[in-house]
C-alpha cells in the first residue's frame, strides 16, 4: 500500500468514527418503497403566482431547500418540478399532476439534468437552469432498441439532420417539443435544455386530456414517454421514494 493510500484510508476511517462519536449516522436507513399507482403526492408545493414576471420557480427556493437535501434532487430541478405542478394545476386542473411524477421521470431520464455519459464526471444545472454539458440522446436510427425517427427539425434542437435525438433534462424529441414545448422561466423562449421549460412541457405532455389521479391514466401518461414496462416501474418507484422524502434507489 502506498503512502497516499494509507493517508486516504486513515482519513475515511477518521470520518466514519467522527460521525458515530458525534451522534450522527453516516448511512441513512431508507423506508420501503410502496408500489402505489399513481405515486403519492409528496410534500405540498408552496403556493406562488406562476403568472408572475421572471423565473417563477425561484419563488420556491424555501420550499425546495430541505426537501432537496432529503431527496438528493438538485434544488433547481426540484423547484422546476414544483413550478410545473402549479402550472398544471392552473392550466389543466382536471389533470391532478404531482411533482413526484415529474421527479420520477427526471430521475430516470437524466438524473435531473446531471447525466453526462462519463463515469467519473457528471453534469449539472447551471444558475439559469440549463443542463451543463447539454444532454443529447443517441440517434433514433432503429438500432440498439430505439425506434427509427427520421429528422423532423433540420437538426435545430439536436444537431442531427438525419435522425432525431432526445434533448435536455426531460429528454424531448423535436417532434414532441414542437407539440408540447412551453416557456416557464419567463424569457419568452421555450427551450428543452432549460429545466423549468422542460418540466412544464413534460407536465403538458403528461396531462394532455388525462386525469393522473386515475391509475390507468397515470400509466398511459408515463407510457407516452416510454412504452417500456421497466421504465414505468422505475418512474413509479422513484416518485414514491421522493414522496417519502428520500432518494431514489437508483
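To test your reading of the geometry: what angle, between 0 and 90 degrees and rounded to tens, separates the Cα axis of helix 75-91 from the longest principal axis of the chain?
Approximately 30 degrees, to the nearest ten.
Expected output is a single nm value to one decimal: the length gained when fully extending between residue 226 and residue 30, i.e. 0.36 nm times separation in residues minus the C-alpha distance. What is it?
Gain on stretching residue 226 to residue 30: 67.8 nm.
Compare 203, 75, 91 in a GNM of the chain, Cα atoms joined below 10 Å, and give the one with the largest fluctuation.
Highest fluctuation of the listed residues: 91.
Using 7 Å Cα-to-Cβ label points, what is the residue 189/residue 132 separation (nm, one decimal)?
1.7
Taking the chain as the reference, fit the longest principal axis to its C-alpha atoms, fit the long axis of helix 3-21 to the helix C-alpha atoms, and give the angle between the two in degrees, 0 to 90, nearest 10.
For 3-21 against the chain, the angle is about 90 degrees.
Please grab the % of Cα pairs in the range 52-138 that end up more than 14 Å from each other.
Roughly 66 percent, once rounded to a whole number.
Counting pairs of alpha carbon atoms under 8 Å apart in space and at least six apart in sequence, what relative contact order in percent does the range 153-192 give?
28
Tell me, in nm to one decimal, what length is gained between residue 40 and residue 233 on full extension, where the rule is 0.36 nm per residue of separation less the Cα-Cα distance?
68.1 nm
Per the helix-only calculation at 222 nm, which mean residue ellipticity applies to the chain, given -39500 (n - 2.57) for every DSSP H run of n ≥ 4 and division by its residues, nearest 500 deg cm²/dmol?
-13000 deg cm²/dmol
With axes computed from alpha carbons, what is the tilt in degrees of helix 61-71 against the longest principal axis of the chain, rounded to the nearest 10 within 0 to 90?
It is inclined by approximately 60 degrees.
Kindly provide log₁₀ I(q)/I(0) values, in the same order as q = 0.10 Å⁻¹, from the Debye equation applied to equal alpha-carbon scatterers of the range 32-243.
Debye intensities relative to I(0), on a log10 scale: -0.39.
Report the residue, chosen from 225, 115, 62, that carries the largest GNM mean-square fluctuation when the chain is represented by alpha-carbon nodes joined by springs under 10 Å.
It is 62.
Quick one: compute the contact order of the range 62-158, relative version, from alpha carbon pairs under 8 angstrom and 6+ residues apart, as a percent.
Computed over the range 62-158, the figure is 15 percent.
Comparing 124, 176, 228, which has the greatest mean-square fluctuation in the GNM of the chain with Cα pairs linked when under 10 Å apart?
Taking springs between Cα atoms under 10 Å, the residue moving most is 228.
Testing the spin-label approximation: label points 7 Å from Cα along Cα→Cβ at residue 211 and residue 49. State their distance in nm.
3.2
What is the chain's relative contact order, in percent, from Cα pairs under 8 angstrom and six or more apart in sequence?
The normalised contact order for the chain reaches 25 percent.
All of the numbers you see were taken from the coordinates with simple rules; none came from a lab. Not measured: the values here are computed from a predicted model. As a convention, Cβ positions derive from the backbone with ideal geometry for all residues, glycine included, and neighbour counts pool all protein chains shown.
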